[in-house]
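J.: Supplied in structure tokens, the structure appears directly below.
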There are 2 protein chains.
Amino acid sequence: MNKPERIYLDYAAATPLSPSAFSAMEPYLKGDFGNPSAIHAEGVTARLAVEEARAVIAGSVQVRPEFVTFTSGGTEGNNLALFGVVESLALAGRPYAQMEVITTKIEHPSISVAVVKLQRMGVKVKYVSVDEAGKMKVDNLKELLSEKTVLVSCAYANSEIGTIQPLHAIKKKMLEAEKEFTTEIYLHVDGAQAPLWLTCQFGAVGADLFTLDFAKCHGPKGTGALIRSRRVNICASVYGGGQESGLRPGTENVSGVVGAAVAFSEAQAAWKERTETVSQIRDGAIKLLQSTIPSLLVNGAQGSDRLANNINISIPGLDTEFAAVVLDSKGFAVSTKSACAGAGGGESAVVKEISGDSVRALATLRFSLGPDTTIDQLEKLTQILSQHTTKMKNI
Amino acid sequence: MNKPERIYLDYAAATPLSPSAFSAMEPYLKGDFGNPSAIHAEGVTARLAVEEARAVIAGSVQVRPEFVTFTSGGTEGNNLALFGVVESLALAGRPYAQMEVITTKIEHPSISVAVVKLQRMGVKVKYVSVDEAGKMKVDNLKELLSEKTVLVSCAYANSEIGTIQPLHAIKKKMLEAEKEFTTEIYLHVDGAQAPLWLTCQFGAVGADLFTLDFAKCHGPKGTGALIRSRRVNICASVYGGGQESGLRPGTENVSGVVGAAVAFSEAQAAWKERTETVSQIRDGAIKLLQSTIPSLLVNGAQGSDRLANNINISIPGLDTEFAAVVLDSKGFAVSTKSACAGAGGGESAVVKEISGDSVRALATLRFSLGPDTTIDQLEKLTQILSQHTTKMKNI
């Protein structure tokens, strides 16, 4: 028997490395192995590669290169943003108890778990409500902002349900609060899911701190960056050498950042076209799923408020972990929720929060499309899922 | 004019990636890109690769796989060890002020800067003296150990001067103190420079926490591990998903750990033979340097107390940063001190500490040999350095 063709629908969890990124990395894996901090020719070659990669990413997001700090991925970037700001203010003499951080209850674990630690340190953490689509309620944000607020942190687009946050409306409320309290309040945006589908131009995002994870946009695993604005000070969360302007000590992952720069540029060069194409496929598939499986519920926002490649559904009563395994056996790679939240069983904290419905939150499936996903593939998926759902109902 | 052949003598800063490590990595860079936390076939393939790599490293150091935590390198590993122990005890209710950490003043910045942060948190940091070769004075250690001591942290072999610490004597004093105070005192050993030249068998090292940096032993940059004993509890320094048993969240660097396992196994498989060969070349070169350049001083220990591949000298009065540049132009890649301490100018904190001599500490050169370095290459180096020294003296 032939193995079924693999249809990969978990782009939110991992993406294949871009062939041109691999080609760019190869010389630094095979030959040019110098330490970028060394003063000899091998070191200089490595340093130039790192700084060229930084310049490419900086150019793509339109900031000066010194505002790009390389990290080992999105989780580290989010941690560096949160602790970097709070610790920098603490070092400047502000007690933790005089700081407040605002976030939502639907963030990725690298934010939601990190703020619990902030809380333990004495920082007050406030959760702004989200609506049933997962969008931050800006009026509630307005109520929560205070003269103690130092940071608002949220995802650009939610990694499970794909909801794009209204960053401009959020920023507007923050600017009003800054005026009212004559303070500085920084916006941290987790852009891990963004590069393939949304602009990452720093001014357009409107953030003070912007996390990138290059493994999510066809770059190598273990690479990320934190972009920051001129006005925000952060300090390191790891202690050691002076690399990355002292913000991230440790020998730079030279081949990694070289590959990251290529992949990120490719991602951003065509995000608009990609989003136009794939969001149509997404909407076609959502319609098809809804009409084929009547009990199916769509989680998250609609249209342009939703990440182009995200489909997140619940089929209440269905064991969707088992459904994912069945789909896998038929050639489809899908997930139930985010990989970092444990891709397997258990309820989705995100869907629980937006729906208040445990049954719905227990029965989620996420299909995250790639640039080349076709509607035919999703029709086939729908068919198999529908058959499986009917079969399970009849048992 | 032909470019001079490159003779790379900075193996302490960076090593070329092992070709077999690259071959092992290639499938995970080119094809198998799944997220190890995903439940589908692509995820399982990635998970198996990570766990196989962990098992290989665990087997090589002889611990159970669950005691190997992958990190992004040596700096992160050292930080995880120090903060991991202290924060774990703090979570269990022990105030920072009731903890003491003992280290030396010649550690790598990822320890020396990290303990300053511990101090700011309220932990008392005590510095045990080292002798003129850089060896920890165990009698002084005995005096410093107290019922509040929770951790002793030092390098297996110093990254600048190559001095191997008397770990068994250190451990003996710690065991005596544990008995006297009926406490647990953990030994953290930074093994970044060890794998090519010393046994990393965990029992032989005698540590509770053991940091590895695979980029220093022909593995890929951005990969490391922290090995720990059964009796020590640590908690994460980064907050997020449940990866690495919750100790190091973020998507695993799959190709990186696969390459790391191959390189580390190769390194450990032949460390003894390598050390026998290279230490003879080292000693031959040291003799030659001393007889050729009369003003030259050797920094660090002799014979088997010195890392096989380390030569560290001072030529008081010489601008050794300029000498490194001159040597570079003649084809030799050398450094003045450790890359993380800023490979360029400035005094060596390590040599300053052991010698108390600023002139000597300002004039260091480190030649760190590779497995294939020849005595002919070092003769040529000695000749050029001697000529340069004479020339500079005459100016």
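The values are calculated or read from the model by the stated rules, or taken from the named source; none is laboratory data. The shown structure was predicted, so the numbers you read here are calculated from the model rather than taken from an experiment. No Cβ is skipped: glycine too gets one built from the backbone with ideal geometry, and neighbour counts run over all protein chains shown.
J.: Kindly provide the set of residues from the stretch A:102-129 that are aliphatic (A, V, I, L, M) and closer than 19 Å to B:Ser237 by Cβ, ordered by number. It would help to see each step written out before you state the result.
T.: Initial filter on the stretch A:102-129 (aliphatic (A, V, I, L, M)): A:102, A:106, A:111, A:113-116, A:118, A:121, A:123, A:125, A:128.
Across the stretch A:102-129, the qualifying residues are A:Ile111, A:Val113, A:Ala114, A:Val115, A:Val116, A:Leu118, A:Met121, A:Val123.
J.: Hey, any hits in the stretch A:316-336 for a residue that's modelled with pLDDT under 95, touching a helix residue (DSSP H, G or I) at 6+ places or on another chain (Cβ under 6 Å) and either part of a strand (DSSP E or B) or not assigned by TED's automatic domain parsing to the domain that holds A:Ile164 (or both)?
T.: Yes, there is a match, as at least one residue in the stretch A:316-336 is modelled with pLDDT under 95, touching a helix residue (DSSP H, G or I) at 6+ places or on another chain (Cβ under 6 Å) and either part of a strand (DSSP E or B) or not assigned by TED's automatic domain parsing to the domain that holds A:Ile164 (or both).
J.: Could you grab the pairs with beta carbons closer than 9 Å, sequence gap of 6+ or different chains, first residue in the stretch A:303-321 and small (Gly, Ala, Ser), second one crowded, with 23+ Cβ neighbours inside 10 Å and in a helix (DSSP H, G or I)?
T.: A:Ala308/A:Arg282; A:Ser314/A:Thr320; A:Ser314/A:Val351
J.: Something else about it: Looking at A:Val68, A:Val61, A:Val86, A:Val44, can you tell me which residue is at pLDDT 95 or above, surrounded by fewer than 22 Cβ atoms within 10 Å (Cβ to Cβ) and among the β-branched types (Val, Ile, Thr)? Spell out the reasoning first.
T.: Working: A:Val68 fails: surrounded by fewer than 22 Cβ atoms within 10 Å (Cβ to Cβ); A:Val61 fails: surrounded by fewer than 22 Cβ atoms within 10 Å (Cβ to Cβ); A:Val86 fails: surrounded by fewer than 22 Cβ atoms within 10 Å (Cβ to Cβ).
Criteria check complete, one pass: A:Val44.
J.: Also, quick follow-up: What residue, of B:Val61, B:Val85, B:Val116, is in contact with a helix residue (DSSP H, G or I) (Cβ under 7 Å, 6 or more places away or on another chain) and either closer than 24 Å to B:Glu147 by Cβ or in contact (Cβ under 8 Å) with a residue 24 or more places away in the chain (or both)?
T.: Selected residue: B:Val61, the only one of B:Val61, B:Val85, B:Val116 that is in contact with a helix residue (DSSP H, G or I) (Cβ under 7 Å, 6 or more places away or on another chain) and either closer than 24 Å to B:Glu147 by Cβ or in contact (Cβ under 8 Å) with a residue 24 or more places away in the chain (or both).
J.: State whether the residues of the stretch B:351-359 include one that is surrounded by fewer than 22 Cβ atoms within 10 Å (Cβ to Cβ), of a type in the set (Ser, Thr, Tyr) and not assigned by TED's automatic domain parsing to the domain that holds B:Leu198.
T.: Initial filter on the stretch B:351-359 (surrounded by fewer than 22 Cβ atoms within 10 Å (Cβ to Cβ)): B:352-353, B:355-359.
Filter once more, keeping what is of a type in the set (Ser, Thr, Tyr): B:355, B:358.
So of that shortlist, the ones also not assigned by TED's automatic domain parsing to the domain that holds B:Leu198 come out as B:355, B:358.
Within the stretch B:351-359, one or more residues are surrounded by fewer than 22 Cβ atoms within 10 Å (Cβ to Cβ), of a type in the set (Ser, Thr, Tyr) and not assigned by TED's automatic domain parsing to the domain that holds B:Leu198.
J.: Could you identify the single residue in B:Tyr11, B:Tyr28 that is over 20 Å from the mean Cα position of the chain (by Cα), under 27 Å from A:Arg248 (Cα atoms) and either in contact (Cβ under 8 Å) with a residue 40 or more places away in the chain or not assigned by TED's automatic domain parsing to the domain that holds B:Glu160 (or both)?
T.: Working: B:Tyr11 fails: over 20 Å from the mean Cα position of the chain (by Cα).
The unique qualifying residue is B:Tyr28.
J.: Going through A:Glu353, A:Glu379 one at a time, which residue ends up being part of a helix (DSSP H, G or I), under 24 Å from the mean Cα position of the chain (by Cα) and modelled with pLDDT of 95 or more?
T.: A:Glu353
J.: Taking the stated definitions as given, is B:Asp139 crowded, with 17+ Cβ neighbours inside 10 Å and assigned by TED's automatic domain parsing to the domain that holds B:Val115?
T.: Criteria not met by B:Asp139.
J.: Which of the following residues is touching a Phe, Trp or Tyr at 6+ places or on another chain (Cβ under 9 Å) and more than 30 Å from B:Glu26 (Cβ to Cβ): A:His188, A:His218? Reasoning before the result, please.
T.: On the way: A:His218 fails: more than 30 Å from B:Glu26 (Cβ to Cβ).
Of the residues listed, the single one that is touching a Phe, Trp or Tyr at 6+ places or on another chain (Cβ under 9 Å) and more than 30 Å from B:Glu26 (Cβ to Cβ) is A:His188.
J.: Can you work out which of the residues in the stretch A:238-287 that are in contact (Cβ under 8 Å) with a residue 40 or more places away in the chain and of a type in the set (Phe, Trp, Tyr) is farthest from the other protein chains (Cβ to nearest Cβ)?
T.: The residue in question is A:Trp271.
J.: Just the residues that are of a type in the set (S, T, N, Q) and more than 21 Å from the chain's Cα centre (by Cα), please, taken from the stretch A:91-126. Lay out the reasoning, then the answer.
T.: Here is the first cut: in the stretch A:91-126, the ones of a type in the set (S, T, N, Q) are A:98, A:103-104, A:110, A:112, A:119.
A:Gln98, A:Gln119, listed by residue number.
Quick grid of which residues meet (1) part of a helix (DSSP H, G or I); (2) outside the structural domain of B:Ile164 (by TED's automatic domain parsing); (3) surrounded by fewer than 16 Cβ atoms within 10 Å (Cβ to Cβ); (4) under 22 Å from the mean Cα position of the chain (by Cα):
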residue: B:Ala261; (1), (2), (3), (4): yes, no, no, yes
residue: B:Ser265; (1), (2), (3), (4): yes, no, no, yes
residue: B:Arg274; (1), (2), (3), (4): yes, yes, no, yes
residue: B:Val278; (1), (2), (3), (4): yes, yes, no, yes
residue: B:Arg282; (1), (2), (3), (4): yes, yes, no, yes
residue: B:Ala285; (1), (2), (3), (4): yes, yes, no, no
residue: B:Leu288; (1), (2), (3), (4): yes, yes, no, no
residue: B:Ser295; (1), (2), (3), (4): no, yes, yes, no
residue: B:Ser304; (1), (2), (3), (4): yes, yes, yes, yes
